[in-house]
1. Determine which member of the set Leu201, Leu217, Leu228 is assigned by TED's automatic domain parsing to the domain that holds Glu51, among the hydrophobic types (A, V, I, L, M, F, W, C), buried (at least 16 other Cβ atoms within 10 Å of the Cβ) and under 15 Å from Cys170 (Cα atoms).
2. Which of the residues spanning region 842-862 are closer than 28 Å to Gly768 by Cβ and not in a helix (DSSP H, G or I)?
3. Could you give me the residue pairs with C-beta distances under 6 Å whose first residue belongs to region 625-638 and is farther than 25 Å from Glu674 by Cα, whose second residue is of a type in the set (A, V, I, L, M) and not in a loop (DSSP other than H, G, I, E, B) wherever it lies, and which are 6+ apart or on separate chains?
4. Can you name the residue in region 706-720 that is of a type in the set (A, V, I, L, M) and surrounded by 13 or more Cβ atoms within 10 Å (Cβ to Cβ) and is also nearest to Gln734 (Cα to Cα) among such residues?
5. Out of the residues in region 12-57 that are assigned to a helix (DSSP H, G or I) and modelled with pLDDT of 95 or more, which is nearest to Tyr94 (Cα to Cα)?
6. With a cut-off of at least 3 residues that are out of contact with any Cys (no Cβ under 7 Å at 6 or more places or on another chain) and surrounded by fewer than 23 Cβ atoms within 10 Å (Cβ to Cβ), name the strands (runs of 3 or more DSSP E) lying wholly within region 513-627.
7. Among the numbered criteria (1) within 22 Å of Ala701 (Cβ to Cβ); (2) free of Cβ contacts under 8 Å to residues at least 60 places away in the same chain; (3) not small (Gly, Ala, Ser), which one does Phe594 miss?
8. Look through Ile680, Ile656, Ile673 and report the one residue that is out of contact with any Leu (no Cβ under 8 Å at 6 or more places or on another chain), of a type in the set (Val, Ile, Thr) and modelled with pLDDT of 90 or more.
Amino acid sequence: MKVDELRQKYLDYFKNHGHKVFASDSLVPDDPTVLFTSAGMNQFKPYFLGEKKDVKRATSSQKCLRTGDLENVGKTPCHHTFFEMLGNFSFGDYFKKEAIEFGWEFLTKELNIKPADLQVSVYEQDEEAYGIWLEHIGIPPEKIVRFGEKDNFWPSQAPSLGPNGPCGPCSEIYFDRKVGCGKDDCSPACDCRRYVEVWNLVFTQFNRIGLNQLEPLPQKNIDTGMGLERMAAMMQGKASNFEIDNLAPLVAEVNKIIKSNHDAGAKGLINAIVDHARAVTFCICDGVYPSNEDRGYVVRKIIRKAVFSGHLLGVKEAFLFRLPALVTQLMRKAYPELDAKLDTVTKVVHAEEDKFLSTLNSGRDQFSVMVDGLKAQGQKTVKAQDLFKLYDTYGFPLELSKDMAARENLGIDEAGFDKLFGEQQARSRQASKFDGAVFNADSPLLQKVKSLPCQFLGYDQCALDSEVIFMVKGTEEISSLSTGEEGIIFLSKSVFYAESGGQLCDKGTIRTPSGEFFVEEVNKVGEAIAHHGRVKKGEINKNEPAAGCVDAKRRKGLMRAHTTTHLLQAALRNILGDHVAQQGSLVDDDRLRFDFTHFSALTKDELKIIEAQVNARIFDGIKVDKQVLSLDEAKKQGALAFFKDKYKDEVRTVFIADFSKELCGGIHLDNTIEAGLFVIVNEASIASGVRRIEALTGVKAWQYLQDLAQSAKVTAAALNCPANGLPQALDRLQNELKISEQKIENLNRVAIKQKTGTLTQDKENVSGVDTIVHDFGAASKDELMHAWDDLKKQGNLFVFLSAMENKFYICAATDDLVVKGMSCKKFLSDYSAKLGIKGGGRDNLVQGSLQSVDVDRIKMAIKEFIVKL
């Protein structure tokens with residue numbers, strides 16, 4: 001039975017038993033506690049919590065990503081980062097008896113698995129489930145295994161270790177492969193892989209309130225899961241998940257790419273590449289791009305592990321980007337969205353792959369120099385400072401340093417690296433004025449604040465009468481604030497927009513009969529709006545009337561920037577293509593930043609056309625139409641939605657004619673003409689396949705153009721040309737400069753050549769090797785290399801040439817000496833500390849930086865080095 005058939009059979013079975021079929025949710029969950037969707041139940045949390053009640057029974061095939069076992073992927077037959085989880089769920093409807101019946105009937109009747117090939121486990125204290133299996137299903141007692149809370153409770157070990165909250169016992173169904181350790185007492189408790197878990201039933205029936213304190217839940221739920229790949233392997237008679245019909249072709253393709261036969265260890269690397277190719281294909285398809293943060297870092301890590309696995313198998317060029325096409329071909333029936341995103345996925349993977357291969361080469365050279373130095377000093381551990389330098393300076397991942405160190409029989413100071421990494425994060429983290437920790441999950445204020453009644457009425461007005469209903473200072477609830485004190489005020493109604501979706505917050509004042517409060521920052525805590533600031537005069541008291549008024553000038557600037565951000569994205573998609581998708585944005589007062597997917601720098605012509613398209617819509621004076629629609633209706637009308645944003649059933653949608661349609665809760669203009677003007681000021685890359693545009697609108701755009709015009713007038717006057725003749729004048733100056741630079745370079749080369757002729761007369765012979773040490777003072781790197789090109793023609797020569805004014809050196813040996821065992825790389829390793837030099841390279845040439853030059857000391861080091869050879 002093929003994977004597609006098995007998936008559909010499962011969904012059809014539960015649909016026929018009253019379950020609503022849900023499409024797989026995105027890999028990016030609507031859950032701040034996890035980075036990726038890791039289980040089928042993630043999208044159903046609102047139902048489990050009783051927040052949504054329109055569905056009692058559900059089923060799905062959910063794409064999942066888990067990285068907890070990343071190191072085991074490929075080493076075992078069934079570990080994956082990306083996999084599909086088949087699940088059926090009950091929200092206060094059926095419970096243990098029906099869940100067990102469904103699982104057993106599907107396996108034995110729909111899939112025709114012999115009951116004799118199945119065994120089950122239950123939680124050791126769950127007599128109810130044991131009785132259902134024994135008496136109702138008819139499983140012999142010897143085929144029912146009792147496990148403790150570590151194996152058969154969810155979350156694992158919840159009764160004793162927590163966390164508090166909903167939990168419950170599990171019951172699992174195992175397939176007997178008949179192949180294992182061969183022991184008579186072998187059971188699902190054995191780790192020989194004879195018994196493979198194919199179905200897990202979670203009976204969510206308790207609320208943990210303390211150590212071994214479980215109270216019954218008013219609504220009992222069922223959460224069951226069956227790993228699609230694992231079940232397919234059983235149905236297809238395969239010993240490994242990587243042999244099933246939607247993975248085996250990928251394994252064959254990777255084997256074709258590496259073009260050689262390898263041992264069993266290589267088989268594990270190949271399987272890991274296959275798994276990782278699927279994982280990154282689906283992640284990027286869902287809008288997660290490689291980066292140095294959060295989900296993006298996970299995707300980058302998976303790509304790099306796959307590429308490094310290929311590198312260990314002898315593949316030195318980019319190859320991973322060739323696999324998403326086959327992943328799409330194999331899985332498009334269940335996930336047709338893969339086809340639409342294939343070009344984007346391929347380009348992103350290729351860009352990241354090329355970037356990492358460059359990193360791998362430069363980092364490996366530096367690592368090699370470090371290893372030589374450690375071995376020369378008899379050390380067995382790579383220092384934390386060196387690991388961090390490789391990571392911070394050369395972008396070399398810790399995981400690869402660890403792998404390469406192991407191959408050299410060296411350890412690494414991982415704890416020290418983590419400490420340095422943490423210190424760097426702390427230094428770079430910019431503290432927010434708004435202390436989110438005040439309302440973290442452990443804060444006693446959180447539930448109080450989340451339950452506050454608060455209406456946002458700022459879409460259509462900038463001032464509003466309201467009432468102070470709650471106040472916080474530090475981490476304490478208070479009843480008043482006095483002049484100069486900082487705090488957080490909550491109003492019954494507010495016109496202040498809280499920072500969200502990239503748009504920065506409003507600022508302004510809250511006035512009461514007794515005082516005035518300056519609002520510096522506005523955030524949301526649940527649905528409540530937190531106004532953070534300080535009292536300017538008098539005092540602010542709880543329960544007194546309050547008039548909130550936003551800074552209208554700032555509000556207008558934010559609106560101009562936000563509406564033009566929508567126009568910018570529409571123009572980008574028009575000019576560059578539908579692969580353009582928002583990856584981040586910042587909407588400030590007449591200033592915006594927009595990050596988007598694209599794979600090359602935008603040309604001057606492209607930027608000019610995009611800028612013109614946005615301004616054309618501004619000058620046309622188009623109505624900005626804001627509507628509240630159902631999510632389905634908004635999507636039907638073509639409104640763009642983004643994976644980083646989560647939407648309710650009713651959504652605010654912003655239409656600018658047929659040019660731009662987006663789901664957006666931000667504040668916008670009523671007409672595009674109010675934006676005044678739009679100017680792009682910068683475009684650059686911020687990550688593989690992600691570009692950034694910075695732009696100005698309104699007043700700041702006008703000021704920017706005024707400044708440019710004034711600068712052009714001053715420059716034109718200095719060059720004695722009209723302002724519109726500046727490009728031609730600049731070309732003339734550049735040509736003159738190139739001619740002058742070439743003349744200077746030619747003179748320098750002549751001087752260097754003359755000097756090298758003198759140097760050959762001053763060379764010293766050390767144990768049969770000619771040596772030259774010389775400092776050229778102000779020479780450039782190229783000039784040092786030209787000098788070496790002239791010198792090396794004579795052979796049998798070892799040199800150290802420096803340019804102290806530029807703090808640069810090269811150390812080189814002719815090829816005939818390298819053949820005899822001479823190594824500049826080893827010289828650098830042995831004497832870098834003593835001579836105060838840094839760098840890297842090969843046996844015949846190393847180069848780098850130095851702080852000072854002591855010619856006599858360098859000569860003595862070279863003599864000592866040659867004599868020891």
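The values are calculated or read from the model by the stated rules, or taken from the named source; none is laboratory data. Given the structure is predicted, the values throughout are model-derived calculations rather than measurements. Quick reminder, even Gly has a Cβ in these numbers, built from the backbone with ideal geometry, and neighbours come from all protein chains shown.
1. Only one candidate passes the filter, namely Leu201.
2. Matches in region 842-862: Arg842, Asp843, Asn844, Leu845, Val846, Gln847, Gly848, Leu850, Val853, Asp854.
3. Every condition considered, the pairs that remain are Leu631/Val651; Ala634/Val651; Ala634/Leu663.
4. Once the filter is applied, the top-ranked residue is Leu719.
5. Of everything passing the filter in region 12-57, Phe14 is nearest to Tyr94 (Cα to Cα).
6. 515-525, 528-541, 582-588, 591-597
7. (2) is the only condition that Phe594 fails.
8. Going through Ile680, Ile656, Ile673 in turn, the sole match is Ile673.
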